[in-house]
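The structure appears right after this line, and notes come after that.
Read-outs throughout are calculated quantities, based only on the coordinates presented, and are distinct from any laboratory measurement. All of these numbers come straight from a predicted model, not from anything done at the bench. Neighbour counts run over all protein chains shown; Cβ positions are idealised from the backbone, glycine included.
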Amino acid sequence: MVEVVVPPLDGTTKLGERAYNDNCASCHGVNAAGQQGVAPPLVHKIYEPGHHADGSFFLAVKQGVRAHHWQFGNMPPVEGLTQQEVERIVAYVRLVQRANGIQ
């Protein structure tokens, strides 16, 4: 849905990318670019830290999300992720966001 520039990744963000690809990309798309008719891009100003703090990602994984910004429907909880895996996913998403001008 959006074009995404992926910056160089370090150890933590590489692990985050792997966890993202295994658990999030099937809906939110490769590099968090979204998928038309499936799920929104996470590389979008709506998800900037000042509007959706890191904690919102943790809650989304744990509890799911009721649709409120987009017309994709509700997001179900994501089973089987550890706290550390979610931290790595958030680090990866935030790095990609910053590389695309989302501060």
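Between the range 55-103 and the range 1-29, the alpha-carbon centres lie 11 Å apart.
Panel note: the C-alpha atoms of the range 11-99, placed on their principal axes, show extents of 35, 29, 23 Å (largest first).
Rounded to the nearest 20, the size of the Cβ-charge dipole of the range 11-99 about its Cα centre is 160 debye, with Lys and Arg at +1 and Asp and Glu at -1. Summed over qualifying helices (DSSP H, 4 residues or more, each -39500 (n - 2.57)) and divided by its residue number, the chain shows a 222 nm mean residue ellipticity of -13000 deg cm²/dmol. In terms of the mean number of neighbouring beta-carbon atoms within 10 Å, the peptides 78-88, 40-50, 62-72 order highest first as 40-50, 78-88, 62-72.
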